[in-house]
Amino acid sequence: MGGRRTEEAAQENAPPKAGPNRVLRDARPEGTCISVGRVEIGGPGFVVMAGPCAVEDAEQTERTAAAVAAAGAHVLRGGVFKPRTSPYSFQGLGEPGLRMLAEAGRRHGLPLISEVMDASQLPLMVEYTDILQVGARNMQNFALLRALGKVRKPVLIKRGLAATIEEWLLAAEYVLDGGNEQVLLCERGIRTFETAMRNTLDLAAVAYVKQRSHLPVIVDPSHATGDPALVVPMSLAAAAAGADGLLVEVHPWPERALCDGLQALTPERFQELMRRLPPVLHAMDRHLWKPENPAQALGA
Ligand code: PEP
Ligand code: MN
């Protein structure tokens, strides 16, 4: 008897295990559903976030927003703080870019997702955007993850270029542990020995993480492949693997893009993607997200 009590006391005083726990499926078996404006991510509706890699100017942003909204996208993406491999590459427009993105989003009724690279950018990003994106290169920026734990906005965490699933889940654990439970995971391809594509899309990770965690999982087929010809098939495969949504790069003039133009879908190809998703989603007992109440569609 006494032995059992000592054992329990020892367990209570034991340091918590270092592995993930708050993000695990057991912590919330019903799954997490995240509201972004009127859009719900993680429920039966599949959510498509689309837009340029980087906001370049007002016209490009407006054209892209108009095209993706008309094709049925739910969230507008656009980077204004760009993590570039070279310091000489276009680094993003900063706050003026956020104003362009916000203007285009408002005009077309789309909430916004954009990357935050540093905790010092948070006040600005929180003011303008609806989902804060953590880039692959920042997945283990623990100071940033801690700061995002204090924010009351959804956070999308991209998997690091060479991160294991466990490391990716632990990055999400930082944000949940900090007090913010609105976290989305994003598989964007990992670096492998394969060089035919920009990265290797780890679709098994999507199915695996859906089982292991209660958090919604998004797939970014643009960075995962680097090739617009592969973005449509891999988006359909992501839907079949159980993803909750997509993050896709679209540009009205890919050949002129200042960032990631080679992988951007044209508006026409994006339309094709939106046309081809419903039958795959139907086979998975899902559908493209739509408002429950049709009055919501009018923003009422
Ligand atoms: C991006 O979304 O444009 C981006 C930089 O992605 P990643 O962090 O996945 O490379
Ligand atoms: Mn990009």
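Observations on the model:
- Point-charge dipole on Cβ atoms (K/R +1, D/E -1) for the chain, about Cα centre, debye to 20: 200 debye
- Candidates per trypsin sites (Lys or Arg not before Pro) in the range 114-214, loop by DSSP, up to 15 other Cβ within 10 Å: Lys150, Arg152, Arg191
- Label-to-label distance, nm, for residues given as Asp285 and Leu161 (7 Å Cα→Cβ offset): 4.0 nm
- Kirkwood-based shape ratio for the chain, expressed as Rg/Rh from alpha carbons: 1.00
- Restricting the range 89-167 to chymotrypsin sites (Phe, Trp or Tyr not before Pro) in coil, as DSSP defines it, with at most 16 other Cβ within 10 Å: Phe90
- Cβ-based charge dipole, the chain, positive-most Cα from Thr61, Ala172, Gly261: Ala172
- Ranked by solvent-accessible area (1.4 Å probe, protein heavy atoms only, all chains present), the residues Met274, Met284 order from largest to smallest as Met284, Met274.
- The solvent-accessible area of Glu115, taken with every protein chain present and a 1.4 Å probe, is close to 10 Å².
- Environment charge of Pro278, counting only residues whose C-beta is closer than 14 Å and scoring Lys/Arg +1, Asp/Glu -1: +2
- Along its first, second and third principal axes, ordered by size, the range 187-300 spans 45, 37, 22 Å in Cα coordinates.
- Positive contributions from Lys and Arg (+1) and negative ones from Asp and Glu (-1), summed over other residues with Cβ under 11 Å from the Cβ of Ala18, come out at -1.
- Only helical runs count toward this figure. For the chain, summing -39,500 (n - 2.57) over DSSP H runs of n ≥ 4 and dividing by all residues gives -12000 deg cm²/dmol at 222 nm.
- Listed residues Ile157, Ile165 arranged by accessible area, highest first, probe 1.4 Å: Ile165, Ile157
- Take Glu127: with every protein chain present and a 1.4 Å probe, its accessible area is about 130 Å².
- DSSP beta bridges confined to the chain are antiparallel in about 15 percent of cases.
- For the range 40-176, the residue among Ile131, Gly51, Met100 whose Cα projects farthest onto the positive side of the dipole built from Cβ charges is Ile131.
- When you filter the GluC sites (Glu not before Pro) in the range 27-91 for DSSP loop state and at most 14 other Cβ atoms inside 10 Å of their Cβ, you are left with Glu30.
- Solvent-accessible area of Met197 with every protein chain in place, 1.4 Å probe, in Å² to the nearest 10: 70 Å²
- The label-point distance for Lys153 and Ala196, in a model that sets each label 7 Å from Cα toward Cβ, rounds to 4.0 nm.
- The count of lysine pairs in the chain that are at least 8 places apart or cross chains, and whose C-alpha atoms lie under 28 Å apart, stands at 14.
- Over the C-alpha trace of the range 143-203, radius of gyration and Dmax come out as 13.1, 41 angstrom.
- Translational diffusion coefficient (Stokes-Einstein; Kirkwood radius from C-alpha pairs) of the range 85-196 at 10 °C, 1.306 mPa s, in µm²/s: 107 µm²/s
- Distance from the Cα centroid of the range 125-158 to that of the range 241-291 is 23 Å (rounded to whole angstrom).
The values are calculated or read from the model by the stated rules, or taken from the named source; none is laboratory data. Bear in mind the structure is a predicted one, so any value in this text is a computation, not a measurement. Because the Cβ atoms are built from the backbone with ideal geometry, glycine has one as well, and the counts that use them run over all protein chains shown. Just so you know, the surface numbers come from the protein's heavy atoms only, side chains and all, with ligands and any DNA or RNA stripped out. Shrake-Rupley method; radii C 1.70, N 1.55, O 1.52, S 1.80 Å.
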